[in-house]
1. List the relative contact order of chain A as a percent without decimals, with contacts defined as Cα pairs under 8 Å and 6+ residues apart.
2. Send over the semi-axes of the protein assembly as shown's equivalent ellipsoid, whole angstrom and largest first, taken as the square roots of 5 times the C-alpha gyration tensor eigenvalues.
3. Any chance you could check segment B:428-476 for residues losing 50 Å² or more of accessible area when the partner protein chains are in, compared with the chain on its own (1.4 Å probe)?
4. Quick one: what are the phi-derived ³J(HN,Hα) couplings along segment B:440-448, Karplus 6.51/-1.76/1.60 with θ = phi - 60°, whole Hz, x for glycine and proline?
5. Which FRET efficiency value, to the nearest 0.05, do you get for B:Q703 and A:K710 by plugging their Cβ-Cβ distance into 1/(1 + (r/R0)^6) with R0 = 35 Å?
6. Let me know the charge dipole size of the protein assembly as shown about its Cα centre in debye, to the nearest 20, where only the beta-carbon of Lys, Arg (+1) and Asp, Glu (-1) is charged.
7. Calculate, for A:E636 and A:N26, the FRET efficiency according to 1/(1 + (r/R0)^6) with r their C-beta to C-beta distance and R0 56 Å; round to the nearest 0.05.
8. List the residues whose amide H sits under 5 Å from the amide H of B:L305, counting only those 5 or more places along or on another chain, with H placed 1.01 Å from N in the peptide plane.
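The values are calculated or read from the model by the stated rules, or taken from the named source; none is laboratory data. Given the structure is predicted, the values throughout are model-derived calculations rather than measurements. All Cβ positions, glycine included, derive from the backbone under ideal geometry; neighbour counts span all protein chains shown. These area figures cover heavy atoms from the full protein model, side chains too; ligands, DNA and RNA do not enter into them. Shrake-Rupley method; radii C 1.70, N 1.55, O 1.52, S 1.80 Å.
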Protein chains: 2
Amino acid sequence: MAARLTAEFLKDWSKGVNPDIQKERNTCTFNTEELTNLLDGGPEKTKRRKELEQLFFNQHGDLFSFKRRPFMTKSELYEHSVAKSVKVFQLRKEYGWSEEDYDLATRILNFDFALSLHHTMFIPALERLATDEQKAKWLPLAQSYQIIGTYAQTELGHGTNLLGLETTATFDKDTDEFVMNTPRLSSMKWWPGGLAKSCTHAVVLAQLVIDGTNCGMHPFMVQLRSLDDHMPLPGVKLGDIGPKLAANSTDNGFMILNSVRIPRLHMLMKNGRVLSLNYCITVGDIGQKIGYNISDNGFLIINKLRIPRQNMLMKNARVTREGKFTQLSNNKANYATMILVRVNIISWAKDTMRQAACVAVRYSAVRRQTTLKPGTPEQQVLDFQTQQYKIFPCLAGTYATHFIAQDMFSAYYSAYNEIMRGNNRKLGELHAQTSGLKAFLSDMSTSMVETCRRSCGGHGYLKSSGIAENMVSSLALVTIEGENTVLYLQTARYLMKQMANAVSGTKTEGSTAYMNRDFTSYMCPIEVREDCKNLHKLRDVYVQRAHKVIMAVAQKLQMDMESGQPQEVVFNNNMVALVRAARAHIHLTVIDIYISKVDNLRYTHSTELSKVMTELCNFFVIYGIVQETGDFLEMETIGLQQLEWLRQQEMDLLAVIRPNAVSLVDSFDLHDESVASTLGQYDGNAYQHLFESTQYEPMNQTQVHPAYYKHIRGLLKGSNTSKL
Amino acid sequence: MAARLTAEFLKDWSKGVNPDIQKERNTCTFNTEELTNLLDGGPEKTKRRKELEQLFFNQHGDLFSFKRRPFMTKSELYEHSVAKSVKVFQLRKEYGWSEEDYDLATRILNFDFALSLHHTMFIPALERLATDEQKAKWLPLAQSYQIIGTYAQTELGHGTNLLGLETTATFDKDTDEFVMNTPRLSSMKWWPGGLAKSCTHAVVLAQLVIDGTNCGMHPFMVQLRSLDDHMPLPGVKLGDIGPKLAANSTDNGFMILNSVRIPRLHMLMKNGRVLSLNYCITVGDIGQKIGYNISDNGFLIINKLRIPRQNMLMKNARVTREGKFTQLSNNKANYATMILVRVNIISWAKDTMRQAACVAVRYSAVRRQTTLKPGTPEQQVLDFQTQQYKIFPCLAGTYATHFIAQDMFSAYYSAYNEIMRGNNRKLGELHAQTSGLKAFLSDMSTSMVETCRRSCGGHGYLKSSGIAENMVSSLALVTIEGENTVLYLQTARYLMKQMANAVSGTKTEGSTAYMNRDFTSYMCPIEVREDCKNLHKLRDVYVQRAHKVIMAVAQKLQMDMESGQPQEVVFNNNMVALVRAARAHIHLTVIDIYISKVDNLRYTHSTELSKVMTELCNFFVIYGIVQETGDFLEMETIGLQQLEWLRQQEMDLLAVIRPNAVSLVDSFDLHDESVASTLGQYDGNAYQHLFESTQYEPMNQTQVHPAYYKHIRGLLKGSNTSKL
């Protein structure tokens, strides 16, 4: 029906690009292709991306199109996501993709396929945790998809405190087997992606018990389903945990085996040694967070299932035929994996902001509503100052987060190489920074994405807008892979230690180098209004604020301890302040990296591009101060005169950014199928796409809904019996 | 399958109340029944509520249970919601409910039935807009459900600027008919609840055209579907607009007929006369916002449909047989309706916070995770300061918003009675206050509800948690019935006018009475730490802040105007500041009402209750300052010493509230079916309910999903062809 209407009503509708958005493109002051190449990492990478987009959306357009997805049921979404997974795996094999190609493919497809944990968790877990002999047995099977696996760690009753996991693997000497068991309801595995319906195998984390002694948590390879008919094996009960807020997968944190049982909060008090690394280590589902993807997050109940002793993955610990347990190593590579996951989340946060900024800017350019000047046509809503103030922070935030992700990926690979050579020097810093950045940037992105969604008015509440689903998908990022408050507290612990070092004269390095500076004679570097454009002076304001907030809580902790209160009371009574300190430090990190990257563009890119990037960065840095005025004033890092100048400069920059706004989102060069939004397509024909989307709505396939015959008819005819 | 597991795994699971939550109830310092009665409005109202809960959840438990809803498809949800509607309508008739009973019923059921616009928009529109003769014809049909109606105003291209609506009703003198038409795609009606599949009739807003002259927007009664077979009539095309972010209905604002065409922004400049009432008047769907409800929000395309002249609802304007148009009145009762809708939204905001606080507090009491003190059992997460700081603001905010809604309902009815007697004195103030409060409290509630959701960790992302769906439902409140930024700007206009009056010596009254005060010798009233407990001193801090923020933007506007900039430029360049001013004023209103109500409890209720309510209010008022420290410091309403005291008092109050937290949510006395959450049931058995819910998941009805046969089997067997 809708299709027929479309033809009838679109007769006066432009098939080309909406003139309102074309006008915006004409005012661009820089070369968008230059910026696209910068974002992609070079012209060759842009080219490769376009080749893959062509493969997915032109050659396999029906399968990979977003258009029907907002209208699918959970089960249909799952099936569609499985189909896409299988196709991607086939293409991977067929074209012999590199890992980089595969990564690129997952990004283009918004991580939107159901079986991706097989490549992102299951195979890496085998590589990390299995002996060479075990790898020789299992890896070929996994790589050729003769088995499909996932990673099962989190339990119904334990997400954050992974040391409290309850699943057991009890060694039976008589049979040379482990007896795997779920002792009670709260110990069932709960959340792992692909566990409910897809996977044949899983790496299951369980407490190893030998002769009644608990030997800590270890990984076990467990077959879940028959390879003949996919039925669950005897002793294995599997199910789906039900629908999520968004139709996407989420896994609430994994712990890589770690047999050291150390109560978390005890640790802080040991002068801040980076013992935080020894607990709450979450490594998880790095493949399928963003977008409209759906996964069969499952539960697993194991009822005295027997597996051979050889199925314990024994790279780091071993159990002999006689039941002798030996801890072999405590490989730091596991920690590196956890860090990589958090860097990935930073990158996903960027992806969500990128889509939201793209949709909000484009729709605001073509949506006209009311007028500023009497007698003139309705205004593009992008003209309104309040609208710009909703959207441009996300636009700038996208670029900021892009550069931060880039920087953190480099830091990770550099640290990883050192770790592989046995040097763990960089691990503490990297752990503290990525924990805090994951928390800060996922907080920031969800807030900015939601503000963009609201800027789309009521239509932003429709699933077909794409931005609505993007927002609720992004909400998963704040609790997965380390709940944000827990992560802030980990960063705060590191900061307390570093501050103690600095105060006692030990030189701090890296992100906390500023702690060695002498702030006693601090004067706000913003002396005239023009200074508000000076990124380095602005950075100094952030430095001073971070230093003072951290120092204040460090002193408070010390004072409370000296007053004789128990450690756990002191810590709990200052938790809110510790989170605040971590945020101040990480906020500094964010603008510090952003400023450095933008600064550097002067030497590597055109003046035009450098100029527009600097303006955007300037806005972001000032916006950050204005949003947290309280902190900056309380810490006396700026005065009231400075604040007035900053507010003026902030509003002035909105007008400066305005003519480039559409081009700044065009430069992301997102394929329309990746934007996946009726409101944010390149052609700007938002209303046309909105209306066309309704043809996929199941309720529009008939004129009269069954509810009429069952319920409404009786009501209208005065009959008292609805067929309930 | 799940059902069988349940029996097996629950053998060691307590069927009674979880001891962790029982312990919390034992520490309560007040009488929860006294508080419940206060919230309900008296013991008799509590009793009546329980009678209706009994009727719905015991006598008709299968129909009204929430348990299957998170697992239903959109179409199933619609059908279920229709069935519930029909049953409620039948019960209404059968028991002869009063309007108050019906309202109570809708609240108990979370506004969760599909046809509610019939009673909340369609019938009231007839009562307001039809002549006596027209009422005599249509009302009996509507009241006996021989016709079911909705109200169709918003169009695809116009939500906010309702004067831009494009649907036309052209008078044809020859036949004495109106020709209703949708001239282009952007003019189709889009959003009205019940329009797609349910309704037989609608009141349609359209531009009246006579002899080529536009006579403004007027309401027309239009039959949409046949009363025989429910098929759309010729010339009428109907459809569903597709799934929303949450499975609930939303309507993006209606405009009650208003023929005065006044460009909005022009108005401000006319010395702020409350002309804002003349445009952007949104009155809408007051029946079905919260919860898991689903409505067939529809589109309507009218193709030269002819209706008799008598179908124009002519109470306020008339068209004669000869085509003579007369505007009869500009009834302010329409404005009153708009205000009532906003007050209702304030009340819904309270409902969303109430459910979120209930779920978050109860789940935090039974969830144990990590430990504060080494060697002790895992801690209830409610013990952590950061957790309290996430949840208690929402708990306090619920009570604040309850009292504000109560106050605004009274103000509305008092103003309405005056308006009916021809006195519009209170209208401007009430409009400004309700616009601002709707915006402020919907912003506040969505933010607090989301923070509570995050406090539930990963499980808060599951639909069965109830809090997830509650959060996305509540997001509709920020754009419906006046987008929040637009509403803040309306309040700001009123404030600019009032400030101009105050400065010129005219006495301001009501909420802006403080503008007459002399602030030149302001000294922060908080002189010692103990003053942080003094609600009246804290209120003075808010008063001073509001005054200074408003004065600052008023002066800026005047300065810019005097510099010769065009009005529209001045207005646009200060929009962000105007929103800030409105928020400062409304924040004051919020704490002002809250403090007055709590203060009054000393005289009407027990000391114990008054004490706990005062503590909660104290926390809320300080929390408000700490959250917006920047404003308070910038306006020099507090100094750094005061801020330090306030922060200390804020943290101290967390510990004070802690022992009463569970009892404060128990006092809401929400039926478990109204809480509609696996995590937040009264018995505190969160994990049990979570697991039991999975039995309703469609994907759990078989062991092997069809996706295996179509896609996965081929992959596992090495076949290259997935059945795509």
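1. On the way: 1182 pairs, mean separation 118.4, N = 724.
Relative contact order of chain A: 16 percent.
2. 48, 38, 33
3. With the partner chains in place, segment B:428-476 has these residues losing at least 50 Å²: B:R454, B:G458, B:H459, B:Y461, B:L462, B:K463, B:L475.
4. Taking θ as phi minus 60°, the curve returns 4, 6, 6, 4, 5, 5, 4, 5, 5 Hz for segment B:440-448.
5. In this case the efficiency is close to 0.65.
6. On the way: 158 positive and 148 negative charges, 279 e Å.
Roughly 1340 debye for the protein assembly as shown.
7. It comes out at approximately 0.75.
8. Hits under the 5 Å cutoff: B:M180.
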